[in-house]
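A short worksheet on the structure shown next.
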2 protein chains.
Amino acid sequence: MSKPTIDHRGPEFEALTHRLLADLRWICGTTDDVFIYPASGSGAWEAAIVNTLSSGDTVVAFEQGFFAQSWAQVAVRFGLDVRLQSWDGRQGVTPDAVTKLLSDDGNQAIKAVMIVHNETSTGVTTNIKAIAAAMQASGHPALLFIDAVSSLAVTDLRHDEWGLDVTVSGSQKGLTLPPGLAVMAAGPRAIAAHESATIPRSYWDWDDQRAANAKGSFPYTPATNLLYGLEEAFAMLREEGMDNVFARHRRFGSAVRAAVATWGFDTVSTVASEASQAATAVIMPDGHDADALRALILERFDMSLGTGLGEWKGRVFRIGHLGDLNALALMGTLAGVEMGLGLAGIPHTAGGVAAAMAVLAEEAS
Amino acid sequence: MSKPTIDHRGPEFEALTHRLLADLRWICGTTDDVFIYPASGSGAWEAAIVNTLSSGDTVVAFEQGFFAQSWAQVAVRFGLDVRLQSWDGRQGVTPDAVTKLLSDDGNQAIKAVMIVHNETSTGVTTNIKAIAAAMQASGHPALLFIDAVSSLAVTDLRHDEWGLDVTVSGSQKGLTLPPGLAVMAAGPRAIAAHESATIPRSYWDWDDQRAANAKGSFPYTPATNLLYGLEEAFAMLREEGMDNVFARHRRFGSAVRAAVATWGFDTVSTVASEASQAATAVIMPDGHDADALRALILERFDMSLGTGLGEWKGRVFRIGHLGDLNALALMGTLAGVEMGLGLAGIPHTAGGVAAAMAVLAEEAS
């Protein structure tokens with residue numbers, strides 16, 4: 001990314017654009033349209049909404065956690081009728097819940113269902129494949145929008161095969177880059193919805209992107225140096241192999257959960273099969289402040305754990321275990337937590353680090 | 001910018017945010033609100049509009065060139081009544097033209113006037129100070145929006161002193177960074193307009209930014225590594241001194257124009273005092289294609305000149321002379337053009353490089 005910034009209207013850039021869009025299709029598992037914006041992942045949230053919907057349209061979201069609710073709030077701001085479903089965020093959204101909503105929607109008012117694949121604030125993963133299948137079986141025409149910010153290139157996700165309509169993500173999670181790029185895939189039903197969608201839009205407009213992308217450019221100045229990094233990230237992921245990338249994240253998730261269980265703490269996630277391979281949200285014992293522990297660990301060991309978000313503020317800390325991370329860096333992370341727990345005088349059972357090592361060593365053997 | 005990406009919700013980041021916002025105020029010449037987005041400069045165009053206006057509002061823009069007209073198009077897309085004024089883009093917008101529009105607007109329908117300070121497609125600079133003064137003298141309450149994408153930190157611009165309402169820019173010009181950040185300043189009248197503006201918005205919303213910025217954070221994941229670069233860019237500009245930065249750009253502009261005059265070509269800019277200090281658009285002799293010359297120079301000398309945009313496509317090439325550039329790199333640029341002209345068999349008078357050297361040497365003595 002430190003290379004000089006080339007002319008974004010020149011031939012070298014044109015070739016780069018075509019390579020990046022092809023690689024983004026590959027990583028999303030799609031042959032459909034993909035888009036790259038200079039933006040955060042929340043920009044892609046907005047792009048999904050303004051490109052496909054009209055003011056007054058009904059959409060459904062679930063109280064999965066901080067990010068799902070923030071996305072729903074974006075929809076509210078664009079004048080959508082957001083049916084935010086009460087939900088126990090410690091579990092993933094179930095296909096049955098979605099099916100019931102759609103079957104109750106006799107006149108098919110619901111235009112889109114917005115689901116977060118991996119809710120980064122809770123470390124709970126929702127079975128998107130099953131939800132997409134349930135929606136298809138229902139015969140209801142609602143679009144399925146997926147927030148894959150912390151799942152893309154971390155956990156298996158297949159835009160075309162599963163029949164997703166819009167998949168959004170960002171550069172800074174599984175794609176291993178600094179923040180600054182929003183990426184998304186849009187299937188044919190989303191593109192069709194775009195034709196009649198009337199929310200005003202300019203920066204996020206898919207037509208502009210498609211027209212420019214077809215010529216190997218972007219409709220305005222792209223974040224060139226992050227695009228260099230994106231190309232390298234795709235190359236690194238291809239070299240490791242996506243099956244290996246997914247397995248590595250599963251292994252790291254298991255190791256972290258082994259440590260947390262040994263310490264004697266609960267995770268926010270309560271269903272084993274839904275535990276996130278990207279991040280684990282750990283619940284503090286009653287009477288202990290997670291942010292005080294985080295501050296101590298930052299000060300003593302120069303490591304910044306994730307803060308609790310929304311309703312979990314102060315009650316959880318989060319361990320990220322995704323992206324460009326290897327087993328020994330993860331062990332350093334867990335050692336920092338275990339030492340921090342000791343220094344903070346938080347009741348726990350030592351041995352979490354050893355338990356994680358046992359998991360990693362077994363899988364490496 | 002290659003440093004590890006720190007926690008954007010941590011204390012180190014909080015201090016960085018406060019430093020950056022203070023420096024951005026300094027560079028814009030304002031004590032008012034400033035905002036930083038992960039976006040291109042065109043994102044800041046959109047932010048200016050959606051934060052302050054409502055569908056149906058009337059705004060004025062002038063046919064200054066490709067970027068002014070693109071910005072006007074953004075306004076059209078958000079349902080504004082855009083009075084796009086016919087204008088000879090080879091000259092800057094005059095205060096008289098703005099005054100006449102406002103005095104003809106008896107019922108004060110015009111909510112904002114959108115002007116590009118330095119139209120990068122033509123190399124023509126508009127006297128913003130004079131236009132702002134004329135607007136204030138008119139007593140008309142229209143807001144003044146300035147595109148300072150290629151003028152901020154290149155040419156003198158004083159948001160507060162001149163009485164600008166919204167000033168927008170990007171990271172990749174005078175701020176010397178790769179693209180990926182949009183920056184803007186908003187004065188009290190713009191903030192007041194924000195209170196009643198009804199265009200739906202989320203990503204660009206100033207309220208979210210202000211609330212988060214007050215706590216040293218951003219409302220969503222910021223482009224952290226570009227922010228590291230922004231801090232260094234401010235430090236470099238401060239070290240050089242803004243008077244010196246402006247003088248350097250004036251010197252480089254003079255040198256380029258001396259070369260172009262020697263070659264015997266016209267620039268798009270026809271008024272000497274309006275010639276851009278950021279970029280010069282050079283008109284090709286009749287019958288010669290600017291893009292063919294650009295392709296030849298790219299192939300032979302690995303230098304990408306700016307393409308003609310909009311109505312100037314194929315008729316002009318553009319020499320950028322802004323940002324992190326020194327005299328000798330500029331001389332290399334001009335040598336590439338002069339050799340390219342010779343190789344392409346384009347009629348011209350040799351000696352442009354020598355003329356530029358004379359300008360630079362005289363000013364260095």
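Looking only at region A:223-232, count how many residues are surrounded by fewer than 23 Cβ atoms within 10 Å (Cβ to Cβ) and more than 11 Å from every other protein chain (Cβ to nearest Cβ).
Total satisfying the criteria: 2.
Answer yes or no: is there a residue in region A:206-222 that is touching a Gly at 6+ places or on another chain (Cβ under 6 Å) and within 14 Å of chain B (Cβ to nearest Cβ).
no
Got a sec? Which of B:Leu296, B:Leu322, B:Leu309 is touching a Lys or Arg at 6+ places or on another chain (Cβ under 9 Å) and either over 20 Å from B:Gln69 (Cα atoms) or assigned by TED's automatic domain parsing to the domain that holds B:Ser150 (or both)?
Step by step, each of B:Leu296, B:Leu322, B:Leu309 is checked, and only B:Leu322 is touching a Lys or Arg at 6+ places or on another chain (Cβ under 9 Å) and either over 20 Å from B:Gln69 (Cα atoms) or assigned by TED's automatic domain parsing to the domain that holds B:Ser150 (or both).
What number of residues within region A:332-365 are among the β-branched types (Val, Ile, Thr) and under 17 Å from A:Arg318 (Cβ atoms)?
Keep residues of region A:332-365 that are among the β-branched types (Val, Ile, Thr), which gives A:333, A:337, A:346, A:349, A:353, A:359.
Narrowing further to those that are under 17 Å from A:Arg318 (Cβ atoms): A:333, A:337, A:346.
Counting residues in region A:332-365 that are among the β-branched types (Val, Ile, Thr) and under 17 Å from A:Arg318 (Cβ atoms) gives 3.
Among the residues of region B:82-123, count how many are within 14 Å of another protein chain (Cβ to nearest Cβ) and either acidic (Asp, Glu) or more than 18 Å from the chain's Cα centre (by Cα) (or both).
1
Considering region A:60-81 alone, what residues qualify as being among the β-branched types (Val, Ile, Thr), within 14 Å of chain B (Cβ to nearest Cβ) and in contact (Cβ under 8 Å) with a residue 24 or more places away in the chain?
Once the filter is applied, which keeps residues that are among the β-branched types (Val, Ile, Thr), within 14 Å of chain B (Cβ to nearest Cβ) and in contact (Cβ under 8 Å) with a residue 24 or more places away in the chain, region A:60-81 yields only A:Val74.
Scan region A:132-149 and report the pairs whose first residue is charged (D, E, K, R) and whose second residue is in a loop (DSSP other than H, G, I, E, B), with Cβ atoms within less than 9 Å and a gap of 6+ or a chain change.
A:Asp147/A:His117
Tell me, which residue of region B:172-203 that is of a type outside the set (A, V, I, L, M, F, W, C) and within 9 Å of chain A (Cβ to nearest Cβ) is nearest to B:Ala39 (Cα to Cα)?
B:Gly180
Could you tell me which numbered condition A:Tyr203 fails, if it satisfies all but one of (1) in a loop (DSSP other than H, G, I, E, B); (2) under 15 Å from A:Lys129 (Cβ atoms)?
(2)
Please verify whether region A:239-252 includes one or more residues that are buried (at least 19 other Cβ atoms within 10 Å of the Cβ), part of a strand (DSSP E or B) and at pLDDT 95 or above.
no
Mind listing just one residue for me: the one in region B:22-51 that is surrounded by fewer than 18 Cβ atoms within 10 Å (Cβ to Cβ) and among the hydrophobic types (A, V, I, L, M, F, W, C) and, of those, nearest to the other protein chains (Cβ to nearest Cβ)?
Among residues in region B:22-51 that are surrounded by fewer than 18 Cβ atoms within 10 Å (Cβ to Cβ) and among the hydrophobic types (A, V, I, L, M, F, W, C), the one nearest to the other protein chains (Cβ to nearest Cβ) is B:Ala22.
Restricting the first residue to region A:1-29 and requiring it to be in contact (Cβ under 8 Å) with a residue 24 or more places away in the chain, which pairs with a second residue that is basic (Lys, Arg) meet a Cβ separation below 6 Å and a spacing of at least six or different chains?
A:Gly29/A:Arg158
Quick check on my filter: what residues within region A:284-311 are more than 13 Å from every other protein chain (Cβ to nearest Cβ), surrounded by 20 or more Cβ atoms within 10 Å (Cβ to Cβ) and part of a helix (DSSP H, G or I)?
A:Leu293
The values are calculated or read from the model by the stated rules, or taken from the named source; none is laboratory data. No experiment lies behind these values; they were computed from the predicted model shown. Positions of Cβ are backbone-derived with ideal geometry, glycine not excepted, and every protein chain shown enters the neighbour counts.
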